[in-house]
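Let me begin by presenting the structure, written as structure tokens, before commenting on it.
The values are calculated or read from the model by the stated rules, or taken from the named source; none is laboratory data. Note that the structure is a prediction, hence the values are computed from the model and not measured. Methodologically, a virtual Cβ is constructed for each residue, glycine included, from the backbone with ideal geometry; neighbour enumeration extends over all protein chains shown. These accessible areas exclude ligands, DNA and RNA; they are computed on the full protein's heavy atoms, side chains included. Shrake-Rupley method; radii C 1.70, N 1.55, O 1.52, S 1.80 Å.
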Amino acid sequence: MNILIVEDEPRIAAFLERGLKAEGFGVEVAPDGETGYALACSDDVDLVVLDLMLPGMPGEQVLTNLRRRRPDVPVIILTARDAVEDRVAGLNNGADDYVTKPFSFVELLARIHARLRARDQVTATELVAGGVTLDLRSRTARMSGREVSLTAREFALLETFMRHPNQVLSQVQLMDRVWGYDFDPGSNVVEVYVGYLRRKLDKDLIETVRGAGYRLRAGTSNGTEPAT
């Protein structure tokens, strides 16, 4: 998952960048509003941490413009403005959360995880990618017209890949999403379960990206059906 930090204070930006990278996130930093808005428009950005008091384009304008371009990307405002009216205005303008400085990194991290989980809430009855159809209601998988029997953990891992087709996911990210505990560098559980999926589905479906993680090879075919 990639997080964009739009923050003009170098000390705070560097602190956030180090902390989030240590948690397994990809991180970009923008020191002003114009740069932040341009980067936030990219589909590669999964969440934005946005200061309000920025040089150039103020944070409020960044948020307003971004909501027109990407209404669904989570935005957490991180600012020294702590008045109630500022909080209300930020949330009314489209922010998903509002954190005031000084702040606790642990709390901010928890809010980031919460917003990313909320974004990934099931919004479809089926996921389709790489020739695989995943039915989220019946918890079944089909490939080439045949039903594939998966354990609960295999299903969760495949669902994670299918929600991010053609995107490299690190072992840390996969452990956090599927197993829900801190990554143990000595564990090969992700590798083992990727092997299970390859044997049950297609050995070429999940690609190993050396030194980075794994990627579901979905070509240009991916879609969802709206929940009913």
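Cβ-Cβ distances below 8 Å connect the following pairs, each with a first residue in segment 81-103 that is under 16 Å from Leu54 (Cβ atoms), a second residue that is surrounded by fewer than 17 Cβ atoms within 10 Å (Cβ to Cβ) and of a type in the set (Ser, Thr, Tyr), and a separation of six or more residues or different chains: Arg81/Thr100; Asn93/Thr64. Does Thr151 count as more than 17 Å from Arg215 (Cβ to Cβ) and at pLDDT below 90? It is false that Thr151 is more than 17 Å from Arg215 (Cβ to Cβ) and at pLDDT below 90. Evaluation of Val132 against the conditions (1) out of contact with any helix residue (DSSP H, G or I) (no Cβ under 8 Å at 6 or more places or on another chain); (2) modelled with pLDDT of 90 or more shows that the sole unmet condition is (1). Screening Ala95 on (1) under 17 Å from Ala118 (Cα atoms); (2) outside any loop (DSSP other than H, G, I, E, B) shows it passes everything except condition (2). For segment 1-12, the set of residues classified as closer than 20 Å to Leu169 by Cα and either open to solvent by 30 Å² or more (accessible area, probe 1.4 Å) or part of a helix (DSSP H, G or I) (or both) consists of Asn2 only.
Taking Glu191, is it modelled with pLDDT of 90 or more, open to solvent by 30 Å² or more (accessible area, probe 1.4 Å) and either in a helix (DSSP H, G or I) or farther than 24 Å from Ile5 by Cα (or both)? So Glu191 fits the description; yes.
This table checks each residue for (1) small (Gly, Ala, Ser); (2) surrounded by 13 or more Cβ atoms within 10 Å (Cβ to Cβ); (3) within 30 Å of Glu207 (Cβ to Cβ).
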position	(1), (2), (3)
Leu66	no, yes, no
Arg69	no, no, no
Thr79	no, yes, no
Asn93	no, yes, no
Phe103	no, yes, no
Leu108	no, yes, no
Ile112	no, yes, yes
Leu127	no, yes, yes
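Could you list, in sequence order, the residues of segment 13-50 that are of a type in the set (A, V, I, L, M, F, W, C) and open to solvent by 40 Å² or more (accessible area, probe 1.4 Å)? Hits for segment 13-50 are Phe15, Ala22, Val29, Ala38, Leu39. Within segment 1-30, the set of residues being touching a residue at least 60 places away in the same chain (Cβ under 8 Å) and among the β-branched types (Val, Ile, Thr) comprises Ile3, Ile12.
Checked against the criteria, Arg153 counts as part of a helix (DSSP H, G or I), of a type outside the set (Gly, Ala, Ser), touching a Phe, Trp or Tyr at 6+ places or on another chain (Cβ under 7 Å) and open to solvent by 30 Å² or more (accessible area, probe 1.4 Å). Of all the residues in segment 129-150, those that are open to solvent by 30 Å² or more (accessible area, probe 1.4 Å) and either among the aliphatic types (A, V, I, L, M) or part of a strand (DSSP E or B) (or both) number 7. Residues in segment 31-64 that are in contact (Cβ under 8 Å) with a residue 40 or more places away in the chain and in a loop (DSSP other than H, G, I, E, B): Asp44, Val45, Asp46, Asp51, Met53, Leu54, Pro55.
Look at Leu108 and say whether it is in contact with a strand residue (DSSP E or B) (Cβ under 9 Å, 6 or more places away or on another chain), modelled with pLDDT of 85 or more and part of a strand (DSSP E or B). Considered against the rule, which asks whether it is in contact with a strand residue (DSSP E or B) (Cβ under 9 Å, 6 or more places away or on another chain), modelled with pLDDT of 85 or more and part of a strand (DSSP E or B), Leu108 comes out as no.
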